[in-house]
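Q: One structure follows; several queries about it will come next.
The values are calculated or read from the model by the stated rules, or taken from the named source; none is laboratory data. Everything numeric in this text was worked out from a predicted model, so none of it was measured. Virtual Cβ from ideal backbone geometry, glycine too; neighbours counted across all protein chains shown. The area values use the complete protein model at the heavy-atom level, side chains included, leaving out ligands, DNA and RNA. Shrake-Rupley method; radii C 1.70, N 1.55, O 1.52, S 1.80 Å.
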Amino acid sequence: MVAIPIELQPLEARRLIRTIDMAPAGTAAGAALVAARLGIKTSLCGAIGNDAMGRLVMAELTREGVDVSLVEIIEDLPTSATLIPIDASGRRGIYHASGAGRHTRVTQALEAAVCGAGAIHYAGIGSRNLDGGPGADLLEAAAHRGIMVTCDLISPSADAAMELRRIMRYVDVFMPSAVEARFLTAQDDLLSAADIFRQWGAKSCVIKNGAEGAIAVDASGNRQSIASVTVDTVVDTTSCGDSFCAGFIAATISKRPWLDALRFAAATAAWVAQGPATLGRLESFEQVDVSLKKKDKP
Ligand SMILES: Nc1ncnc2c1ncn2[C@@H]1O[C@H](COP(=O)(O)OP(=O)(O)OP(=O)(O)O)[C@@H](O)[C@H]1O
Ligand SMILES: [Mg+2]
């Protein structure tokens, strides 16, 4: 719940807006929702509160086909929630209420699931029960089995740099946003930031940069620039980064080579940008593929 100070005046107390959407979102749940929409068998690990928000999150994830059996319910905490008002030009405000999400922990069931996974997308940096060792141990087990590990951030604090140094040797593809990369490395140039993340241990690095696209440095140190897909009407870019990650993972699992997978990622995000909330206008893997093959606007 967020208290926003508003001066109410007679006849102006009610403002009509176009729409209000509610959806599971964020680096973990948002990416999971999109991966499931792309047809990937997806399981989410996380934590929610025993509240209406948590029930909605579980229902929507389940409806989309995400396995939520690893999501824990924490009785005395609220479900983490974010309110994002978006104005007509697409600018966003972000009001976040922290909750159970930051209390995600490693369980035996999670350890077993990780060892049987085809890919792990790690979004646990900043979680009090994962930072400092448990998250790194989990990723080490995955890396030991040759499972692809990708990693993205959500609102990192300065402490995230220390945790990243701990886990990065197990990360195949590190995928932060440009803002996050600049914050953590103090480098304005994104390729220089990617070099630093690779020095910390990541095998490869993709830095997402909004409508400007993304830069990538692969495991051999080759540098690429990935153009975003131009769309006629951008409605809501929230979760573009999460959908970019999900698209990349879905394409990689489908044996697409590095650059093709990154282009698929950008096309996935472009469909998401064209509608509200986490999924936007994204329908399926085939939809993204067709839009790419036509070299057409999605
Ligand atoms: N306006 C846009 N038009 C087309 N594609 C976009 C637009 N904004 C973002 N994208 C695509 O989405 C990708 C990721 O976007 P962005 O850099 O905003 O990620 P992010 O900051 O991690 O987002 P979030 O955390 O909200 O999911 C970009 O690399 C680009 O391919
Ligand atoms: Mg992001």
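Q: Filter region 242-293 down to the residues that are within 13 Å of ligand 1 (Cβ to nearest atom) and touching a His at 6+ places or on another chain (Cβ under 7 Å) and list them by number.
A: CYS245, the sole residue that qualifies.
Q: Taking region 182-206 as the search range and keeping residues that are open to solvent by 60 Å² or more (accessible area, probe 1.4 Å), of a type outside the set (S, T, N, Q) and outside any loop (DSSP other than H, G, I, E, B), which one is nearest to ASP159 (Cα to Cα)?
A: If we take residues in region 182-206 being open to solvent by 60 Å² or more (accessible area, probe 1.4 Å), of a type outside the set (S, T, N, Q) and outside any loop (DSSP other than H, G, I, E, B), then PHE183 is nearest to ASP159 (Cα to Cα).
Q: While we're on this one: Can you spot a residue in region 156-171 that is in contact with a Cys (Cβ under 9 Å, 6 or more places away or on another chain), away from ligand 2 (no atom under 14 Å from the Cβ), open to solvent by less than 10 Å² (accessible area, probe 1.4 Å) and not in a helix (DSSP H, G or I)?
A: Yes: one or more hits.
Q: From ILE73, ILE40, ILE6, grab the single residue that is modelled with pLDDT under 95, out of contact with any Cys (no Cβ under 9 Å at 6 or more places or on another chain) and either surrounded by 23 or more Cβ atoms within 10 Å (Cβ to Cβ) or not small (Gly, Ala, Ser) (or both). Let's see the steps before the verdict.
A: Values: ILE73 fails: modelled with pLDDT under 95; ILE40 fails: modelled with pLDDT under 95.
Sole residue among the options that is modelled with pLDDT under 95, out of contact with any Cys (no Cβ under 9 Å at 6 or more places or on another chain) and either surrounded by 23 or more Cβ atoms within 10 Å (Cβ to Cβ) or not small (Gly, Ala, Ser) (or both): ILE6.
Here is a yes/no grid of residues against (1) within 16 Å of ligand 1 (Cβ to nearest atom); (2) under 20 Å from ALA267 (Cβ atoms):
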{"position": "LEU153", "(1), (2)": "yes, no"}
{"position": "PRO156", "(1), (2)": "yes, no"}
{"position": "GLU163", "(1), (2)": "no, no"}
{"position": "MET175", "(1), (2)": "yes, yes"}
{"position": "SER192", "(1), (2)": "no, no"}
{"position": "ILE196", "(1), (2)": "no, no"}
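Q: Here is a further query. Only one of (1) more than 16 Å from ligand 2 (Cβ to nearest atom); (2) closer than 19 Å to SER80 by Cα; (3) open to solvent by 70 Å² or more (accessible area, probe 1.4 Å) fails for LEU130. Which number is that?
A: Failing condition for LEU130: (3).
Q: I need the full set of residues from region 52-65 which are out of contact with any helix residue (DSSP H, G or I) (no Cβ under 9 Å at 6 or more places or on another chain) and either outside any helix (DSSP H, G or I) or basic (Lys, Arg) (or both), in order please.
A: So in region 52-65, the residues out of contact with any helix residue (DSSP H, G or I) (no Cβ under 9 Å at 6 or more places or on another chain) come out as 52-53, 55-56, 58-59, 62-63.
Residues satisfying the conditions are ARG55, ARG63.
Q: If you don't mind, there's one more thing I want to ask. Is it true that SER228 is out of contact with any Phe, Trp or Tyr (no Cβ under 9 Å at 6 or more places or on another chain) and either open to solvent by less than 70 Å² (accessible area, probe 1.4 Å) or more than 21 Å from GLY30 (Cβ to Cβ) (or both)? Quick ask: steps written out before the conclusion?
A: Working: out of contact with any Phe, Trp or Tyr (no Cβ under 9 Å at 6 or more places or on another chain): yes; either open to solvent by less than 70 Å² (accessible area, probe 1.4 Å) or more than 21 Å from GLY30 (Cβ to Cβ) (or both): yes.
Spelling it out, SER228 is indeed out of contact with any Phe, Trp or Tyr (no Cβ under 9 Å at 6 or more places or on another chain) and either open to solvent by less than 70 Å² (accessible area, probe 1.4 Å) or more than 21 Å from GLY30 (Cβ to Cβ) (or both).
Q: Still on this structure, please answer the following. Of the residues GLY210, GLY201, only one is without any contact (Cβ under 8 Å) to a residue 40 or more places away in the chain and more than 16 Å from ligand 2 (Cβ to nearest atom); which? Spell out the reasoning first.
A: Values: GLY210 fails: more than 16 Å from ligand 2 (Cβ to nearest atom).
After applying the criteria, what remains is GLY201.
Q: Quick check, is ILE215 under 30 Å from GLY133 (Cα atoms), away from ligand 1 (no atom under 16 Å from the Cβ) and of a type in the set (Val, Ile, Thr)? First the steps, then the outcome.
A: On the way: under 30 Å from GLY133 (Cα atoms): yes; away from ligand 1 (no atom under 16 Å from the Cβ): no; of a type in the set (Val, Ile, Thr): yes.
No, not satisfied.
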